[in-house]
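As structure tokens, the structure follows; a few thoughts come after it.
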Amino acid sequence: MTDSTGGSAGGTTVLLTGIGELTSHDPSHGPAPLRDAAVVVESGRVAWTGPAARAPAADTAYDVGGRAVIPGFVDSHSHLVFAGDRAEEFAARMTGAPYSAGGIRTTVAATRAATDEQLTANVARLVDEMRRQGTTTVEIKSGYGLTVHDEARSLAVARQFSDETTFLGAHVVPEGQTPEEYVGLVTGPMLEACAPHARWVDAFCERGAFDADQARAVLSAGVAAGLRGRLHANQLGPGPGVELACELGLVAVDHCTYLDDNDVAALADSGTIATVLPGVEFSTRSPYPDARRLLDAGVRVAIATDCNPGSCYTSSMPLCVALGVREMGMSPAEALAAATIGGAAALDRDDVGHLRPGARADLVVLEAPSYLHLAYRPGVPLVREVFVAGRRHLR
């Protein structure tokens, strides 16, 4: 449900006042959230933030009633284009079966059999589910088609919902093909068909998927076609993926569950963002990434959901924030930053994930006096209202 409060009509200004606590990631406000704050929105952008007592005049005002306001969550890693589910696989894991990359093929079969309309409806459902939990920017990958036709149509579906689309033809090797044959397809006809619908190229550099040389070939071909590179790495065990991502200067490398000292040093030296996906470890009973170790080493960290039907079927960034605090050694402030401005950095975006003047006016009003409640009250639906580019969406 939406209304026109804060709409982006040219020249219209809207004052959001009565903000009990504003977390804006604006250094001019200092490291702590701003109390008794206000935000002015104009033409879908943040025009001003600061103490309510000093707020400039605006055309209309909206009082949030003393509630906390945070930037919209930026989910920089998701797999929303799929059909079916893998609930039985999840149940088996909960009774001791290990997680492996092979289960992806189950979703591939269901996705290939689905119509475009069915895939679109499922993405729409999940994006709406994310928005109601405060996510205002989401990256969406392909990777459950694994043919030229199905990867291209997956990205065409994803592009209806986000500009942050990622070509993940190199998810796993489909049955009946050798890795060499499939990498040739991914870097040739499949890339040619998919590049017009994608901003990013990705590969799953992991045992049971693609080795470092194969991942390098996929990423190099994607970059040559005008895409930006990112990588799945070090999820199921130690491996070369994180160091490869740093060597190639990728914006982000995702999972980062099993890291040695060389991996951490490479991340710190390169500036590549480590995206942690704690919902995966929650859903697979795997060890959690050590975000505290990364942060202490000077590595920039993002948090994302990895929403997918196999290893992590959650769309909840608030849950992932709570897990970051409870299981990965992050402070509540660090986890919130990782889920907002950190996710924006992982997408090479400077217009979202914060509420500094000039940012897109993506705000979340919490049914709580402070952002601390995101981790303090896990599982509670605290998102009351969401503003996307200044337009108000009611829960």
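Dipole magnitude for the chain: about 1000 debye, using +1 per Lys or Arg Cβ and -1 per Asp or Glu Cβ, origin at the Cα centre.
Expressed as a whole percent, the accessible area of segment 113-163 that falls on carbon and sulfur atoms is 51 (1.4 Å probe).
Take segment 34-106 with all the other protein chains still there, run a 1.4 Å probe, and you get 43 Å² of accessible area per residue.
Share of carbon and sulfur in the accessible area of segment 182-276 stands at 51%, probe radius 1.4 Å. Could you tell me which label, among [x] 138; [y] 128; [z] 195, carries the value of volume of the Cα convex hull per residue in Å³ calculated for this structure? So the calculated entry is the one marked [y].
Dividing the summed -39500 (n - 2.57) terms of all DSSP H runs of n ≥ 4 by the residue count of the chain sets its mean residue ellipticity at 222 nm at -9000 deg cm²/dmol.
Given R₀ = 41 Å, what would the calculated FRET efficiency be for Asp116 paired with Ala224, taking r from the Cβ atoms and rounding to 0.05? The calculated FRET efficiency here is 0.90. Would you give the gap between the C-alpha center of segment 146-191 and the C-alpha center of segment 215-268, rounded to a whole Å? What the calculation gives is 19 Å, centre to centre. Summed over the residues of segment 190-302 and divided among them, the accessible surface reaches 37 Å² per residue at a probe radius of 1.4 Å. For segment 9-107, the share of accessible area belonging to carbon and sulfur comes to 54 percent (1.4 Å probe, ligands and nucleic acids excluded).
With protein chains left intact and a 1.4 Å probe, residues in segment 312-395 average 35 Å² of accessible area per residue.
Using a cutoff of 8 angstrom between alpha carbon atoms and counting only pairs six or more residues apart, the relative contact order for segment 124-224 works out to 27 percent. Largest mean-square fluctuation among Val325, Val352, Val69, in a Gaussian network model of the chain whose springs join Cα atoms under 10 Å apart, belongs to Val325. Distant-in-sequence amide contacts of Asp63, defined by a placed amide H-H separation under 5 Å and a gap of 5 or more residues or a different chain, comprise Thr17.
The values are calculated or read from the model by the stated rules, or taken from the named source; none is laboratory data. Everything quoted here is computed from the prediction, not taken from an experiment. Neighbour counts are summed over all protein chains in view; Cβ atoms, including those assigned to glycine, are modelled from backbone coordinates with ideal geometry. With ligands, DNA and RNA removed, areas are computed over all heavy atoms of the protein, side chains included. Shrake-Rupley method; radii C 1.70, N 1.55, O 1.52, S 1.80 Å.
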